[in-house]
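*Asks:* Pasting a structure here, questions to come.
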Amino acid sequence: MEIYTTGKKIRESARNGRFSDTTSGHAPNYVQSNVVILPKEYAFDFLVFCQRNPKPCPVIEVFDVGSYNAKISAPNSDIRTDVPRYKVYQNGQLISEPLDILDFWDDNLVTFLLGCSFTFEHSLVRNGIDLPYYNSGKNVPMFITNIQTEPSGLFSGPLVVSQRWIPRDKLVRSIQSTSRFPTVHGAPIHIGEPDKIGIEDLSNPDYGDPYTKINHDDIPVFWACGVTPQAVVLQSKPKLMITHFPGHMFVTDVNDEQIAMI
């Protein structure tokens with residue numbers, strides 16, 4: 001499988017229909033982002049929702065109304081074509097999973113880029129933590145929890161988490177390495193005991209692909225996830241909401257060390 005080395009190369013390949021896969025393992029050292037696109041009438045409430053829920057929804061960039069160019073994080077990009085795959089919801093119902101959203105676009109839409117944990121996966125790998133799905137075309141498992149987000153206007157619903165198996169002797173290192181990246185979810189929110197956050201079966205994720213622990217002393221570790229808005233939309237039911245397909249991120253031109261805490 002070809003590994004794309006920069007955000008620009010991924011965006012160009014998605015735009016030209018050559019890449020529609022998960023972005024995990026691609027563009028190491030570049031910030032990856034979740035995508036939420038809403039009509040202008042919902043934009044303020046959603047921005048407040050992000051401010052009240054910074055762990056699952058850390059804001060990377062908010063576009064001008066009607067703009068499809070990430071002027072700050074990926075100049076000359078096109079959010080309508082540069083994501084490998086999208087999801088389109090109307091009134092809380094999934095209606096399409098297209099490779100571009102040109103047919104759904106209008107000048108009344110506002111785009112939000114939210115930090116993604118795929119950014120700090122490169123740091124986990126550099127610290128000797130094996131991620132079996134990394135560079136494999138597979139996706140991280142994600143689960144809807146029993147933790148409720150802080151509501152804002154129309155928007156409310158459960159928190160989604162991503163889960164990774166971490167060896168016990170690497171647990172502190174995994175916390176340290178991800179804590180450096182608060183704008184892409186930062187430190188984990190829960191360690192071990194998945195039932196405590198409403199997860200009954202780690203082999204059956206709500207999004208992504210399941211994978212089992214490699215070593216007997218591996219511990220399930222959970223990070224807040226930017227797929228949370230997709231769970232929220234099912235409850236909140238805005239008339240239109242466009243997101244990335246889970247694991248198929250918008251990759252920026254921002255280097256991960258630019259957003260890291262020393």
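The values are calculated or read from the model by the stated rules, or taken from the named source; none is laboratory data. Not measured: the values here are computed from a predicted model. A quick note on method: Cβ atoms are made from the backbone with ideal geometry, for glycine too, and the neighbour counts reach across all protein chains shown.
*Asks:* For the range 211-260, give me each residue that is in a helix (DSSP H, G or I) and either in contact with a helix residue (DSSP H, G or I) (Cβ under 6 Å, 6 or more places away or on another chain) or among the aliphatic types (A, V, I, L, M) (or both). Spell out how you get there, then give the answer.
*Replies:* If we filter the range 211-260 for residues that are in a helix (DSSP H, G or I), which is where we start, we get 228-236, 256-259.
Passing the criteria: Ala231, Val232, Val233, Leu234, Asp256, Ile259.
*Asks:* Oh, and also: Provide a single number: the residues in the range 67-84 that are in a loop (DSSP other than H, G, I, E, B), of a type outside the set (Asp, Glu) and in contact (Cβ under 8 Å) with a residue 60 or more places away in the chain. Before you say what the answer is, go through the steps one by one.
*Replies:* Of the residues in the range 67-84, the ones in a loop (DSSP other than H, G, I, E, B) are 67-69, 71-73, 75-84.
Next, only the ones that are of a type outside the set (Asp, Glu) stay: 67-69, 71-73, 75-77, 79-81, 83-84.
Next cut, in contact (Cβ under 8 Å) with a residue 60 or more places away in the chain only: 73, 75, 77, 79, 81, 83-84.
Of the residues in the range 67-84, 7 are in a loop (DSSP other than H, G, I, E, B), of a type outside the set (Asp, Glu) and in contact (Cβ under 8 Å) with a residue 60 or more places away in the chain.
*Asks:* On the given criteria, is Cys50 surrounded by 15 or more Cβ atoms within 10 Å (Cβ to Cβ) and in a loop (DSSP other than H, G, I, E, B)?
*Replies:* no
*Asks:* For Val221, state whether it is out of contact with any Asp or Glu (no Cβ under 6 Å at 6 or more places or on another chain), among the hydrophobic types (A, V, I, L, M, F, W, C), surrounded by 18 or more Cβ atoms within 10 Å (Cβ to Cβ) and closer than 27 Å to Ser20 by Cα.
*Replies:* no
*Asks:* Filter the range 1-21 down to the residues that are surrounded by fewer than 18 Cβ atoms within 10 Å (Cβ to Cβ) and within 12 Å of Met249 (Cβ to Cβ) and list them by number.
*Replies:* none
*Asks:* Filtering the range 204-262 down to residues that are within 16 Å of the chain's Cα centre (by Cα) and of a type in the set (Asp, Glu), which residue is modelled with the lowest pLDDT?
*Replies:* Checking each candidate, the answer is Asp256.
*Asks:* Which of (1) at pLDDT below 95; (2) of a type in the set (Phe, Trp, Tyr); (3) closer than 17 Å to Cys225 by Cβ is the odd one out, the single condition Tyr30 does not satisfy?
*Replies:* For Tyr30, the failing item is (3).
*Asks:* Of everything in the range 199-218, what is exposed (fewer than 14 other Cβ atoms within 10 Å of the Cβ) and free of Cβ contacts under 8 Å to residues at least 60 places away in the same chain? Give them in sequence order.
*Replies:* Glu200, Asp201, Ser203, Asn204, Thr212, Asn215, His216, Asp217
*Asks:* State whether one or more residues within the range 14-22 are within 20 Å of Pro151 (Cα to Cα), charged (D, E, K, R), in the same structural domain as Leu102 (by TED's automatic domain parsing) and in a loop (DSSP other than H, G, I, E, B).
*Replies:* There is no residue in the range 14-22 that is within 20 Å of Pro151 (Cα to Cα), charged (D, E, K, R), in the same structural domain as Leu102 (by TED's automatic domain parsing) and in a loop (DSSP other than H, G, I, E, B).
*Asks:* Ok, one more. Output yes when any residue across the range 154-167 is in a loop (DSSP other than H, G, I, E, B), modelled with pLDDT of 90 or more, in contact with a strand residue (DSSP E or B) (Cβ under 9 Å, 6 or more places away or on another chain) and assigned by TED's automatic domain parsing to the domain that holds Asn69, and no when none is.
*Replies:* No: the range 154-167 contains no residue that is in a loop (DSSP other than H, G, I, E, B), modelled with pLDDT of 90 or more, in contact with a strand residue (DSSP E or B) (Cβ under 9 Å, 6 or more places away or on another chain) and assigned by TED's automatic domain parsing to the domain that holds Asn69.
So that you can scan it fast, the table gives a plain yes or no per residue for (1) touching a Phe, Trp or Tyr at 6+ places or on another chain (Cβ under 8 Å); (2) at negative phi; (3) of a type outside the set (A, V, I, L, M):
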{"site": "Val31", "(1), (2), (3)": "no, yes, no"}
{"site": "Val48", "(1), (2), (3)": "no, yes, no"}
{"site": "Gln93", "(1), (2), (3)": "no, yes, yes"}
{"site": "Glu97", "(1), (2), (3)": "yes, yes, yes"}
{"site": "Ile101", "(1), (2), (3)": "yes, yes, no"}
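*Asks:* Among the residues that make up the range 63-77, is at least one of them assigned by TED's automatic domain parsing to the domain that holds Val110, touching a Phe, Trp or Tyr at 6+ places or on another chain (Cβ under 6 Å) and surrounded by 19 or more Cβ atoms within 10 Å (Cβ to Cβ)?
*Replies:* Initially, the range 63-77 is screened for residues assigned by TED's automatic domain parsing to the domain that holds Val110, giving 63-77.
After this cut, where a residue has to be touching a Phe, Trp or Tyr at 6+ places or on another chain (Cβ under 6 Å) as well, the list is none.
So far as the range 63-77 goes, no, none of its residues is assigned by TED's automatic domain parsing to the domain that holds Val110, touching a Phe, Trp or Tyr at 6+ places or on another chain (Cβ under 6 Å) and surrounded by 19 or more Cβ atoms within 10 Å (Cβ to Cβ).
*Asks:* Please find, among Phe118, Phe143, the residue that is under 17 Å from His190 (Cβ atoms) and aromatic (Phe, Trp, Tyr).
*Replies:* Phe143
*Asks:* Show the residue pairs meeting these rules: Cβ distance below 9 Å; 6+ apart or different chains; first residue within the range 144-170 and within 19 Å of Lys237 (Cα to Cα) and of a type in the set (Asp, Glu); second residue modelled with pLDDT of 95 or more and surrounded by fewer than 19 Cβ atoms within 10 Å (Cβ to Cβ).
*Replies:* Glu150/Arg52; Glu150/Ser156
*Asks:* Would you mind telling me which numbered condition in (1) in the same structural domain as Phe44 (by TED's automatic domain parsing); (2) of a type outside the set (Asp, Glu); (3) out of contact with any Gly (no Cβ under 8 Å at 6 or more places or on another chain) Asn108 fails?
*Replies:* Of the numbered conditions (1) in the same structural domain as Phe44 (by TED's automatic domain parsing); (2) of a type outside the set (Asp, Glu); (3) out of contact with any Gly (no Cβ under 8 Å at 6 or more places or on another chain), the odd one out for Asn108 is (3).
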